[in-house]
Amino acid sequence: MKQYHLGIEATLEIIGGKWKALIICLLMLSDTMRTSELQRRIQGISQKVLIQQLRELEQDGLVSRYVYQQMPPKVEYSLTEYGRTANTIVEMMCAWGTENINIRQQQGEEIELLDDELKQNFKYSV
């Protein structure tokens, strides 16, 4: 039997790491995305790692994968109903990150938020 000391451990087990929350965030903004679209939007992720992360999210029930029977093969990913329940967590992470960037800018650090589209599409306030 798996045991956790805090609920956040279960959360981090599913959406923790460098890429999963970002993948969820991008899938929230689009109904469906192809692997190549996700890879273009996520700077620095390899195709191998992206596919691995998507498969883990699929195993955990957050992402669904649809394969079109055509040549060349076409695969699309989307969030499941259960995956959409992570919306609040991801929005809060985005808001905290944006506020963190603002604070660091005010302290003189040269840092900028490049993708304001994500900020505009989420309904959070900082």
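Not counting ligands, DNA or RNA, and with a 1.4 Å probe, what is residue 34's accessible surface area in Å² rounded to the nearest 10? Accessible area of residue 34: about 90 Å².
Residues of the chain: accessible area per residue at 1.4 Å, in Å²? If you can, show how the numbers build up before the last one.
On the way: 8760 Å² over 126 residues.
Accessible surface, normalised per residue, equals 70 Å².
In straight Cα distance, which aspartates and glutamates are under 16 Å from residue 20, not counting same-chain residues fewer than 8 positions off? Straight-line reach from residue 20, under 16 Å: 9, 37, 56, 58, 60, 91.
So, with a 1.4 angstrom probe, what is the percent of accessible area on the chain that is carbon and sulfur? Intermediate results must be reported in sequence, preceding the final value.
Working: 4350 of 8760 Å².
About 50 percent, which is the carbon plus sulfur part of the accessible surface.
The values are calculated or read from the model by the stated rules, or taken from the named source; none is laboratory data. Quick caveat, the model's predicted, so the values are computed rather than measured. Just so you know, the surface numbers come from the protein's heavy atoms only, side chains and all, with ligands and any DNA or RNA stripped out. Shrake-Rupley method; radii C 1.70, N 1.55, O 1.52, S 1.80 Å.
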